[in-house]
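Everything below concerns the one structure shown next.
Bear in mind these aren't lab numbers, they're just calculated from the coordinates by the rules spelled out. Just so it is clear, the structure is predicted and the values come from calculations on it, not from any experiment. With ideal geometry, Cβ positions are generated from the backbone for all residues, glycine too; neighbour counts draw on all protein chains shown.
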Amino acid sequence: MTVEFILARQADLPAIVAIYNQNIASKSVTADLKPVSVSQRQEWFNEHNDHRPLWVIKGDGQLAGWLSLESFYGRAAYHATVEISIYIDTKFQYQGLGIKALAYAAKQTKRLGINTILAYVFSTNKPSQALFKAAGYQVYGHLPKVADMAGRLIDLDILGKKFN
């Protein structure tokens, strides 16, 4: 499969939201409990820029997922630390796109002035835990039972990796 990472455009937002919403029902990937709308994600989309990009992932020319880097904690001292998000369309999962997305993000760190990437992953999300650990991420923190997923309390792990 030919894989491309392309800066997201406004026209991509409905597909980005649709892919995100695919993951809500499982209650194991994201802390949103109900699907979100395009209008609800507009401000989030607008916050991405040249230093905190949002890319669509194309697999053989089809929009297969997305990858974003967002500022961590919003304080100046954390300017070189970002939070990563990767969401893959269910039709394209388990085809190696996640590891390619992490490798792509790693290649962007120097250009973007990033020295640390953090990922927030539920401890029950075994596929994502394995993906990040396979890419060299380590557990930086463990927050027990902080997510109430419709009556089920879930632990959250903060995974991180240093660059540059």
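For a bin width of 10 Å, list the pair-distance distribution of the chain built from all Cα-Cα distances, rounded to whole %.
Here the calculated profile for the chain is 10, 39, 41, 10, 0.
With only Lys, Arg, Asp and Glu charged, each at its Cβ (+1 for the first two, -1 for the last two), find how big the charge dipole of region 3-115 is about the Cα centre; round to the nearest 20 debye. The partial results should precede the final answer.
Values: 12 positive and 10 negative charges, 40 e Å.
Its charge dipole is roughly 200 debye.
Under a point spin-label approximation (7 Å from Cα along Cα-to-Cβ), what is the R52-A106 distance to one decimal in nm?
Between R52 and A106, the label points sit 2.5 nm apart.
Counting only helical runs of four or more DSSP H residues, what would the 222 nm mean residue ellipticity of the chain come to if each run contributes -39,500 (n - 2.57) and the total is spread over all its residues?
Working: 4 runs with 45 residues, N = 164.
The helix-only estimate for the chain comes to -8500 deg cm²/dmol at 222 nm.
Taking the Cα centre of region 63-164 as origin and charging only Cβ (+1 Lys, Arg; -1 Asp, Glu), how large is the dipole, in debye to the nearest 20? Could you put the intermediate results ahead of the total?
Details: 12 positive and 6 negative charges, 72 e Å.
For this selection, approximately 340 debye.
Place +1 on the Cβ of every Lys and Arg and -1 on the Cβ of every Asp and Glu in region 71-137, take the dipole about the Cα centre, and give the residue among I88, L131, A105 whose Cα lies farthest towards its positive end.
Comparing the listed Cα positions along the dipole, A105 ranks first.
With each label point set 7 Å from Cα along the Cα-Cβ vector, what nm distance links I158 and Y73?
Output for this residue pair reads 0.6 nm.
Given the pairs K34/K58; K34/K110; K110/K145; K34/K145; K58/K126; K34/K162, which are separated by over 31 angstrom at their Cα positions?
Pairs exceeding 31 Å: K34/K110; K110/K145; K34/K162.
Using R₀ = 25 Å, calculate the FRET efficiency as 1/(1 + (r/R₀)^6) where r is the Cβ-Cβ separation of E43 and A134; round to 0.05.
0.15
Would you kindly derive the ³J(HN,Hα) couplings of region 3-15 from the backbone phi angles with the Karplus curve 6.51 cos²θ - 1.76 cosθ + 1.60 (θ = phi - 60°), listing them in order in whole Hz, with x for Gly and Pro?
With coefficients 6.51, -1.76 and 1.60, one gets 10, 10, 10, 10, 3, 5, 10, 3, 5, 7, 4, x, 5 Hz.
Put +1 on the Cβ of every Lys and Arg and -1 on every Asp and Glu Cβ in the chain; which of P35, P144, S68 then has its Cα farthest towards the positive end of the dipole?
Positive-end residue among those listed: P144.
Working out 0.36 nm times the residue gap between V36 and Q95, then minus their Cα-Cα distance, what length gain in nm do you get to one decimal?
Fully extending the segment from V36 to Q95 adds 18.6 nm.
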